[in-house]
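Report on one structure; see the data block that follows.
The values are calculated or read from the model by the stated rules, or taken from the named source; none is laboratory data. If you're wondering where the values come from, they're calculated on a predicted model, not measured in any experiment. Note that we place each Cβ from the backbone using ideal geometry, even for glycine, and neighbour counts take in every protein chain shown. Accessible surface areas use protein heavy atoms only, side chains included; no ligands, DNA or RNA. Shrake-Rupley method; radii C 1.70, N 1.55, O 1.52, S 1.80 Å.
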Amino acid sequence: MRLIQTLTAGALGAAALLTGACASLSMTSNHDPFLWLEDIEGPRALQWVNAQNARSLGELQADPRYAPAEAEALAILNSKDRLPLGAIRDGFVYNFWQDEKNVRGLWRRATLTTYRTGDPVWETLLDVDALAARESANWVFAGASCLDGDERRCLIMLSNGGKDAKTAREYDLTKKAFAADGFVLPEAKLYSAWKDSETLLVASDWGPGTQTESGYPFVIKEWKRGTPLAAAREIIRGEPKHVLAAPAVLESEDGTRLPIATIADTFFTNTIYRLDGPAPAKITLPPRASIRGLHKGQLLFTIEEDWTIGGKTFPNAALLSMNLDQTGLPAPQVNLLYGPGPRESIEDVSFSQNAVLVSATRNVLGRLLRYTFDGRAWVETEIALPVGAITLASASPYSSTAFAVTEDQLKPETLYDIDTQTGAARPIKALPALFSAAGLSVQQFETASTDSVKIPYFVVGKPEALARGEAPTLLYGYGGFQVSMTPSYSPVLGKLWLEAGGVYVLANIRGGGEFGPAWHQAGLKTKRQIIYDDFIAVAQDLIARKITSPRRLGIQGGSNGGLLMGVMLTQRPELFRAAVVQVPLLDMLRYDKLLAGASWVDEYGSPAVKEERAWLEKMSPYQNLTKRSDYPEPFFVTSTKDDRVHPGHARKYAAKLEQLGMPFLYYENTDGGHAASANLKERAKRQALEFVYLKRKLMD
């Protein structure tokens, strides 16, 4: 089931509750009777959380369908029949693996040679379960950053319970142990990159006055081996009003290593600097641009706005390049690789020794493109792969091998070996089916939104169920931050929902990236109602096509999709019988004051700006919640350790429902971070709870 992870938060007395009459009014003042629930680990707030968990888990886990659902979900998640995807580096593929024995997981590697056979021989590098037991810590593996060309040096990132904040420790691959005198970075929302074997570039919490209003670092320093962290030399800084500053090192097939710094002025605009000279040097790019990498002396980047430079205009969403020697010129020579059409989008760009690989979509279905550079121009060829979703799994500028994965809603993942020299694709491992797809079909429909724009959506189910007009139907949406919702094989969804006769619908509403930046930008800030209109239009079309009815229609979304759920519950609750609201934003008049919320004002608008606040007051689910008889009983899922979207959003909304005497279910995992589950056991529990809830509401 999709939950944006990507896409890693005094004693209980008498609550200061409003009367029923007052609570039904729009809460546009600063008075918030449930503000105490924003105290993430406060005793009073946690006592409320524990009481809600006990009530809701007692109800859902008592359902006779729960125990088998959890067992089936865990068996699927622990199945050995999963693709062990990973990063190519120095002749190895590095992978992180979790199963029933390794709950926290193993970081391991296999030689590229054995991996390409489809039957890799794994060498364990770090056992996270053993590490957590040894250190009596709640460690969650949060990734590794290794120095190419150096057989020893990696940085291992570890998170306490799945939080975005993490610590980093240098790891010696030859000794399979943490380096005794290696680099160690204390817990923070940090970003780091290897400048060379003796130097790290680090953005972190350097003390008071070094974090942005969103809680991210804005100062980048250079830290030399053998010196204390306090002696790290500042290289560049942003400002507290910015979103963050982060270092990176770009690598090319010829061994070039280019350190850069990205200053995120807003969530969607950047200023990017080269750090390979005596002082930071600004790269000539439009504000809405993202650097993708280096190849053949060219710096590649995508733009999220039309850009006129050197007498030429390049279209929004294009993939471009410029000569590395011209990055600081006022008008560098810019080359076009790919300019997507109106129903196309670039999803990912990767670099091999021989070519640039672009994962793209056309009408939400995948394509894999290969670009080679002859010194003057780029040449495009398309790599032949099955129709469906295509993901670039791994590539390296030092290897002519890359890996891609194909899948669709009914066909499990297949791993392909891509020869980037020739463009040939060879399947090396296809997963067996993990649920029965017998009789199921996938159809893509379109419906007109309120402005007549066509909104596509996928429907998965049995044709006979779709024809009855009463199919139990789960409609999923996200609609934000230019994140595309593409077809995917979801075995737990298949086993617990589709096999039971349910129908699954994936809506490609605006706010996402399915058709490029313009699809996203159509719903920014005060224009956001169109996103919600799109989702409502899909729901109404499902009913008009007699696929389902309001009695049998449920919705689900997480994070920004959780906000979408909240808006649906306040604007059109009569359309739905169930709503799974995962790690949501719901109080849009205070979201910018909570955790990372300030970084999202360019998406949602700012409560401090008069016009934008007026819109947020109309839209905010928490403030616009009123008592009504046609309101479904929602199920909220969040995490105490979510340090991105504050659990107070879900808590306060649920508490207001409780005060109004309206039914709801609530589960807050004490671990899990923004994914609401830190390991496979927790994920199986969460998914079993969600599907039992949906069956109770839509199938009974």
With 0.36 nm assigned to each residue of separation and the Cα-Cα distance removed, Thr124 to Asp172 gains 16.0 nm
With R₀ set to 45 angstrom, the calculated FRET efficiency between the beta-carbons of Glu464 and Gln47, to the nearest 0.05, is 0.35
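Starting from the Cα gyration tensor of region 415-470, take the square roots of the eigenvalues, sort them a ≥ b ≥ c, and report rounded, prolate or oblate (rounded when a/c is under 1.5, otherwise prolate if a/b is larger than b/c, else oblate).
Working: a/c = 5.17, a/b = 1.53, b/c = 3.38.
Because a/c hits 1.5 or more and a/b fails to exceed b/c, region 415-470 counts as oblate.
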Measure of exposure for Asp276: accessible area at 1.4 Å probe, Å² rounded to 10, is 90
By accessible area (1.4 Å), largest first, Ser136, Ser490 order as Ser136, Ser490
Violations at 19 Å Cα threshold for listed pairs Lys189/Lys641; Lys166/Lys641; Lys656/Lys697; Lys195/Lys221; Lys641/Lys681 -> Lys656/Lys697
Per-residue ellipticity at 222 nm attributable to helices in the chain (runs of n ≥ 4 DSSP H, -39500 (n - 2.57) apiece, nearest 500 deg cm²/dmol) works out to -5500 deg cm²/dmol
To the nearest 0.05, the calculated FRET efficiency linking Arg343 and Val379 through their beta-carbon distance, R0 being 30 Å, is 0.80
For the chain, shape from the Cα gyration tensor axes a ≥ b ≥ c, cut at a/c of 1.5 then a/b versus b/c, turns out rounded
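For region 595-696, state which trypsin sites (Lys or Arg not before Pro) are in a DSSP loop and have at most 15 other beta carbons lying within 10 Å of their beta carbon. Display every interim value, and only then the final one.
Values: sites: Lys610, Arg613, Lys618, Lys627, Arg628, Lys641, Arg644, Arg651, Lys652, Lys656, Lys681, Arg683, Lys685, Arg686, Lys695, Arg696; in loops: Lys627, Arg628, Lys641, Arg644.
For trypsin sites (Lys or Arg not before Pro) across region 595-696 that sit outside H, G, I, E and B with at most 15 neighbouring Cβ atoms in 10 Å, the list reads Lys627, Arg628.
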Residue span Ala133 to Leu57: 0.36 nm per residue of separation minus Cα-Cα distance leaves a gain in nm of 24.5 nm
The correct ranking of Cys146, Cys154 by accessible area at 1.4 Å, largest first, is Cys146, Cys154
Taking Cα pairs closer than 8 Å and at least 6 residues apart, the relative contact order of region 547-652 in percent is 33
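Let me check something: with ligands and nucleic acids excluded, how do Trp206, Trp97 order by accessible area (1.4 Å probe), largest to smallest?
Working: Trp206 55, Trp97 20 Å².
Largest to smallest exposure gives the sequence Trp206, Trp97.
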Rounded to the nearest 10 Å², the accessible area of Asp602 using a 1.4 Å probe with every protein chain kept is 40
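Which trypsin sites (Lys or Arg not before Pro) in region 332-404 pass both tests, a DSSP loop state and at most 13 other beta-carbon atoms within 10 Å?
Values: sites: Arg343, Arg362, Arg367, Arg370, Arg376; in loops: Arg343, Arg376.
Here the trypsin sites (Lys or Arg not before Pro) that fit, given the DSSP loop and packing criteria, are Arg376.
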Under the 7 Å Cα-to-Cβ spin-label approximation, Arg426 and Thr670 lie apart by a distance in nanometres of 5.2
For region 80-96, Karplus-derived ³J(HN,Hα) couplings (6.51, -1.76, 1.60; θ = phi - 60°; whole Hz; x for glycine and proline) come out as 5, 7, 10, 6, x, 6, x, 9, 7, 7, 6, x, 10, 10, 9, 9, 10
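When DSSP beta bridges are limited to those with both residues in the chain, what percentage is antiparallel, rounded to the nearest 5? Could the numbers behind the result be given before it?
Details: 128 of 149 bridges.
For the chain, the DSSP antiparallel bridge percentage is about 85.
Can you give the relative contact order of region 344-409 as a percent, counting alpha carbon pairs under 8 Å and 6+ residues apart? Write out the running numbers ahead of the final one.
Values: 143 pairs, mean separation 19.2, N = 66.
For region 344-409, the relative contact order is 29 percent.
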Quick shape check on region 150-303: root eigenvalues a ≥ b ≥ c of the Cα gyration tensor, a/c under 1.5 is rounded, otherwise prolate if a/b tops b/c, else oblate, and it reads oblate
Full extension between Arg362 and Glu611 adds, at 0.36 nm per residue less the Cα distance, a length in nm of 86.0 nm
